[in-house]
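Have a look at the structure below, then the notes.
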Amino acid sequence: MASRPRTLYEKIWDAHVVERREDGTCLIFIDRHLVHEVTSPQAFEALRMSGRKVRRPELTLAVPDHNLPTTARIDANGQRIPIADRASAEQLSALERNTADFGVHYFGATALEQGIVHVVGPEQGFSLPGTTIVCGDSHTAAHGGVGALAFGIGTSEVEHVLATQTLLLKQSKAMEIVVEGQLGPGVTAKDLILHIIGVIGTAGGTGYVIEYRGEVFEDMSVESRLTVCNMSIEGGARAGLVAPDDKTFAYLQDRRFSPKGDDWDRAVAYWRTLKTDPGARFDKSVRIDASKIEPSVTWGTSPEDVVPIGGVVPAPESFADPSKQQAARASLEYMGLTPGQRMDEVEVQNVFIGSCTNSRIEDLRAAAEVLKGRRKADTVKWAIVVPGSGLVKRQAEQEGLDRIFTEAGLEWREPGCSACLGMNPDKVPANERCASTSNRNFVGRQGPGARTHLVSPAMAAAAALTGRLTDVRRLAD
Amino acid sequence: MEPVREIEGRACPFGRKNVDTDLIIPAKWLKTISREGLGRGAFEALRGQPDNVFEREEFLGAPIIIAGDNFGCGSSREHAAWALLDMGVKAVIAPSFSDIFSGNAFKNGILTVELPQEAVDRLLEVAETDPVTIDLERQIVTTPFQDRFTFEIDPFRKHCLLEGLDEVGLTLARDAAISDYEQRQDSEMPWLGRGTSLAA
């Protein structure tokens, strides 16, 4: 069929249209659905109340992550340690009960495969190129790193997917972010995505699906692509994706739920067609020179509040938009910072390495490389490393990374969302700062009054060593 | 769901830009397995501050909130919509909304009205002293002072809101089309539909 050139996003969209309505709304088939304990109970409850079933249980995968404490889960006698917080425990047992009742595959709290849902999906070969993937969590965008159209949904949509395996959607506009050149030493995928959000703003991608294109993304590991796509939502875009390539296929081969044998060959043949055609039109295009990007940090309470580590806290008057000036003033007051203050003089008392953005093996290796043979500053009171899954944890322990962390004075935890979102015991105390590898620096995100500075894993490790935000490139021997 | 036609009453002149769903309902309130009672946690961080608009007597139970750009950004938590609903909010007026939030709001019968910043500024002014009316059928927002702002809304969403339709029920009626799609996918990409039954 001689069709007009299409973007990767359009190709995936077109392949999933069940029905198109007159007004352009489409019924879209959902290939993969991930479920966790926080946004699913009301959806299962609604199914129960209306006597509805899960249409395709094998296309949904459930795992607890948000609520689960990251301290030991099994005691010395091999018994499960109960969760102290009653509401959390109730939500976790609801997930266990719901998945059993509706026949959904479930990795329990003490399974080796348990982890943050966005780490588990790709790691288990459940998230595949060219698929539509949803989850009741906005960081579902992460799965775009394997070339999927992946986006977060609300609980009513979770119910809709469980009951019908489809969603009613309007096609988004297509946006490309092209990054040419190479990232400098010490500059990572996290620094790049923070920089991008700083450029486009938190609403820059609203109404768009972003395709990340250019040399930098082609050179990147799959883990790094997952990090970039993960934070698409911080730029306002529900989804972001990178075209799948041989790296993607090598990453997915032989994983638990990946296609096997002849199926694998057929799948790869199809996946190779998943790239934007030459001449395809994007509704918006942003170009960025990779060589200009430095390790990035946030100073405010919005992910667009980004400066290079060598920079200073901006003055609210430096923003043209009056509402942004007002927001900046409120941010600076909350953050306890003054305009003109150097970012690399900001002291931190807490360090968090983890979250669906930065808890994969590559992230832990990057942090360990900085920490190896060194010791955290005494002024850093709390520093934790939380692997993204049980499999990441095992791999890190096989490589001896856990010992590097503990010898540096950091705690080595069980997998989960941890201090990313202040709904489990891992929280940052009020008025204290945290160098955090997570994705949101919102007011109260890491706990009431907590002050978050978003950074890469290597930069978080550097901050742990010096007790202040630090240019990791200056720590190099 | 209750049909939505006209929403009339006091409108809370919030005005803030980039209101994220963590601000609407903090994470500690998400540990619930029910949709009820979340209004108590709505805007908790702001309500603790002196002179905040939500605690002003005239805006308690106000059916409308007027906010700045990019309302509902951040986390996909539908608890944000449930919390607003529990506060008595039936509509939010803002220059723009996050995609996920506006979908969640719609699915709970909350109307999101997009108006240009100038119109929002005018409504923020009026709302201090007087009520605001939203007529969904005619797609206009009016005030007692002859202000009249028309807004756009997706026709399907409008229809569902006016009739109080349940989207899951509507889609389940399309079962034959979904089955056709599944059969086509199974013959073209048999590996795709196996999902978790495909364990190594």
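Derivation of every value follows stated rules applied to the coordinates shown; laboratory data play no part. None of these values were measured; they are calculated from a predicted model. Backbone-built Cβ (ideal geometry, glycine too); neighbour counts: all protein chains shown.
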Query raised in the report: How long is region B:6-190 along each principal axis, judged by its Cα atoms, biggest number first, in Å?
Result: 62, 40, 24
Report task. Quick one: order A:GLU96, B:GLU137 by neighbouring beta-carbon count within 10 Å, fewest to most. Result -> B:GLU137, A:GLU96
Report summary line: With a 21 Å threshold on alpha-carbon distance, the violating pairs from A:LYS292/A:LYS376; A:LYS324/B:LYS158; A:LYS427/B:LYS31; A:LYS11/A:LYS260; A:LYS170/A:LYS284; A:LYS11/A:LYS170 are A:LYS292/A:LYS376; A:LYS324/B:LYS158; A:LYS11/A:LYS260
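Just for region B:6-190, what percent of DSSP beta bridges are antiparallel, to the closest 5?
So the antiparallel bridges in region B:6-190 amount to around 45 percent.
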Query raised in the report: Considering the alpha-carbon set of region A:353-446 alone, what are its Rg and its Dmax in angstrom?
Result: 12.8, 38
Report task. Could you tell me which of B:GLY48, B:VAL132, B:LEU23 has its Cα farthest along the dipole of region B:6-190 towards the positive end, charges placed at Cβ (Lys, Arg +1; Asp, Glu -1), taken about the Cα centre? Result -> B:GLY48
Requested in this report: Quick one: divide the alpha-carbon radius of gyration of region B:95-200 by 2.2 N^0.38 Å and tell me what you get.
Outcome: 1.64
Query - Protection-proxy order for peptides A:266-273, B:9-16, A:80-87, each taking the mean of Cβ atoms within 10 Å per residue, highest first - result: B:9-16, A:266-273, A:80-87
Query raised in the report: Peptide A:198-205: average number of partner chain Cβ atoms within 10 Å per residue?
Result: 3
Query - Residues A:LEU112, A:LEU364, sorted so that the one with the fewest Cβ neighbours within 10 Å comes first - result: A:LEU112, A:LEU364
**Report entry** Magnitude of the charge dipole, region A:1-294, Cβ model with Lys/Arg +1 and Asp/Glu -1, debye to 20
**Finding:** 600 debye
Query raised in the report: Within the P(r) computed for region A:298-475, what percentage of the Cα pairs occupies the region above 23 Å?
Result: 36 percent
Query raised in the report: Residues with beta-carbon under 12 Å from that of A:LYS173, excluding A:LYS173: net charge, scoring Lys, Arg +1 and Asp, Glu -1?
Result: -1
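Just counting partner chain Cβ atoms within 10 Å, what average do the residues of peptide B:41-49 show around their Cβ?
On the way: counts 0, 0, 0, 2, 6, 1, 0, 1, 0.
Per residue, the average neighbour count from other chains is 1.
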Report summary line: Per-residue average of other protein chain Cβ atoms inside 10 Å, peptide B:64-73 -> 3
Query raised in the report: Could you give the Stokes-Einstein D for region B:1-90 in µm² per second, using the C-alpha Kirkwood radius, 37 °C, 0.692 mPa s?
Result: 243 µm²/s
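Using a 10 Å cut-off on Cβ atoms, rank the peptides A:217-226, B:168-177 from the highest mean neighbour count down.
Working: A:217-226: 21.2, B:168-177: 14.7.
The peptides rank, most packed first, as A:217-226, B:168-177.
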Requested in this report: Report, in deg cm²/dmol and to the nearest 500, the calculated mean residue ellipticity at 222 nm for chain A, where each DSSP H run with n ≥ 4 adds -39500 (n - 2.57) and the sum is divided by the residue count.
Outcome: -9000 deg cm²/dmol
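Rounded to the nearest whole Å³, what is the per residue volume of the convex hull around the Cα atoms of region A:1-68?
So the per-residue Cα hull volume is 161 Å³.
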Report summary line: Working note, chain A: Cα radius of gyration (Å, one decimal) and Dmax (Å, whole number) are 21.6, 66
Query raised in the report: Which residue, chosen from B:ALA67, B:LEU115, B:PRO155, occupies the Cα position most advanced towards the positive end of the dipole of chain B, where the dipole is computed from +1 (Lys, Arg) and -1 (Asp, Glu) charges on Cβ about the Cα centre?
Result: B:ALA67
**Report entry** Ratio Rg/Rh [Cα only; Rh per Kirkwood] for region B:22-63
**Finding:** 1.00
